[in-house]
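Some notes on the structure that comes next.
The values are calculated or read from the model by the stated rules, or taken from the named source; none is laboratory data. Here the structure is a predicted model, which means the values were calculated and not measured. Every residue, glycine as well, gets a Cβ built from its backbone with ideal geometry; the counts of neighbours run over all protein chains shown. Heads up: the accessible areas ignore ligands, DNA and RNA and are worked out on the full protein's heavy atoms, side chains in. Shrake-Rupley method; radii C 1.70, N 1.55, O 1.52, S 1.80 Å.
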Amino acid sequence: MNILLLGSGGREHALAWAILQNPKCDRLIVAPGNAGIATIAPCQAIDPCDASAVLNLVAQENITFVVIGPEAPLAVGVSDALRNVGILTFGPSQFAAQLESSKAFTKEICDACAAPTAAWARFTAAAPARAYVQSQGAPIVVKADGLAAGKGVVVAMTQSEALSAIDAIFTEFSKGALIIEDFMTGVEASFFVLTDCVNALPIGTAQDHIPAFDGYHGPNTGGMGAYSPAPVLTDEIQNIALNTIVIPTLKEMARRGTPYQGVLYAGLMIENGQPRLVEYNARFGDPEAQVLCMRLGGQMLDLLLACAQGDISQSRVNWADDHALTIVMAANGYPGRYAKGEAITLPEITDPKVQIFHAGTARKDANLTSNGGRVLNITARGDTLQAAHKRAYETIAKINWPGGFYRKDIGWRAL
């Protein structure tokens, strides 16, 4: 089977690593990829959001299966273009992907199927949004109503923070809309489900670390580290989330004639044993995909294929009794302005339970350089979370990149 994986980040490096472990994969091409991915699979420098370019590559390379990694190609309909010409594709339709690309759409779906989530309101102008905040008070949550690379959310603990967030979102994001939600208390965790439009198969849990700095301080990021499984997401809570949030959402999407097929990533807030939906993503999380792939290995491809083929009813996830943890190494200044092109020297990895997944790297005269905000994902697995934590932090300490930083407290909640 010839497989094309679209994307260029740490999530895609982890997916490529897992796919290549399965003997069903005869050849894997990644587009556009990055310097790390290029060490394990050929990369093609095309825009994954350009449907014509993707279709041309599929024809040229005799591709039989396409896996869409990031959200942007889904939001512009690349999955639809592929399915329209009969290419087996993993990833929801453009319309269904609105569960990520439009937060207001998700809230409307939740309201229609009575899925528990925070109360909300949508605004297309700053003045009424500001008035709403002044009437509701703080803490309160302000979100851009569109894709924002994980950075369009502000949990405002004061009114002044919320008012500043409103102004910033209307200035920075072009969609021209935002939603304001009630503040939810509890513990946040990530729940991943594969669906063939009808059946729902849980495939793992994880816990992300969103703020940039230790102790949950600093601005929100796309994620500074994660671990799996998430102890807070017990089997009982997973079942509650499945039956009160995920399955009602899938039924509502099908009722509207826009069934959802792919991975559905539910960000949950858990309090007193009860989950509420924070948000949906229409793709694997980043960096959660890194820890899931480390634990699932080659069976990830079997699961993706079954989902894309439209029947996961017979699929099973074979979990080892283990743990995985990943640490994001980011460029100084991220999520604000940061330098690119800085030299990075990586240690030789001999431990099969350790992988360094590249998120934002490039090659310059054969030298590895930084090429993004989040640059490396140092990922390890172990029989215990403590063992995975030890392996990951021992490895990151050997990386020579003065321009990088990372959180020292990944996994603290479970540890």
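Counting only residues that are open to solvent by 10 Å² or more (accessible area, probe 1.4 Å) and not hydrophobic (A, V, I, L, M, F, W, C), how many does segment 10-21 have? Quick ask: steps written out before the conclusion?
Let us first name the residues in segment 10-21 that are open to solvent by 10 Å² or more (accessible area, probe 1.4 Å), namely 11, 13, 17, 20-21.
Next, from what is left, pick out any that are not hydrophobic (A, V, I, L, M, F, W, C): 11, 13, 21.
Looking only at that region, the number is 3.
For residue 295, state whether it is open to solvent by 10 Å² or more (accessible area, probe 1.4 Å) and under 19 Å from the mean Cα position of the chain (by Cα). Against the criterion (open to solvent by 10 Å² or more (accessible area, probe 1.4 Å) and under 19 Å from the mean Cα position of the chain (by Cα)), residue 295 qualifies.
Give me the pairs, please: first residue somewhere in segment 73-96 and touching a residue at least 40 places away in the same chain (Cβ under 8 Å) and on the phi > 0 side of the Ramachandran plot, second residue anywhere and open to solvent by 10 Å² or more (accessible area, probe 1.4 Å) and basic (Lys, Arg), beta-carbon distance under 9 Å, and either six or more positions apart or on two chains. Filtered contacts from segment 73-96: 91/283. As a summary of the residue check, residue 318 satisfies the conditions (1) among the polar types (S, T, N, Q); (2) touching a Gly at 6+ places or on another chain (Cβ under 7 Å); (3) part of a loop (DSSP other than H, G, I, E, B) except for the one numbered (2). Here the condition is being β-branched (Val, Ile, Thr) and more than 24 Å from the chain's Cα centre (by Cα); of 124, 106, 117, it holds for 124 alone. When 224, 184 are checked against the criterion of being within 19 Å of the chain's Cα centre (by Cα) and in contact (Cβ under 8 Å) with a residue 40 or more places away in the chain, a single residue qualifies: 224.
Hey, among the residues in segment 353-368 that are open to solvent by 20 Å² or more (accessible area, probe 1.4 Å) and among the polar types (S, T, N, Q), which one's nearest to residue 396 (Cα to Cα)? Filtering segment 353-368 for residues that are open to solvent by 20 Å² or more (accessible area, probe 1.4 Å) and among the polar types (S, T, N, Q), the one nearest to residue 396 (Cα to Cα) comes out as 355.
For segment 306-315, the candidate set comprises residues that are open to solvent by 10 Å² or more (accessible area, probe 1.4 Å) and part of a helix (DSSP H, G or I); within that set, the residue that is nearest to residue 260 (Cα to Cα) is 308. Here residue 291 clears all of (1) on the phi > 0 side of the Ramachandran plot; (2) not in a strand (DSSP E or B) except the condition numbered (1). Assess whether residue 56 counts as being open to solvent by 10 Å² or more (accessible area, probe 1.4 Å) and in contact (Cβ under 8 Å) with a residue 60 or more places away in the chain. So residue 56 does not fit the description; no.
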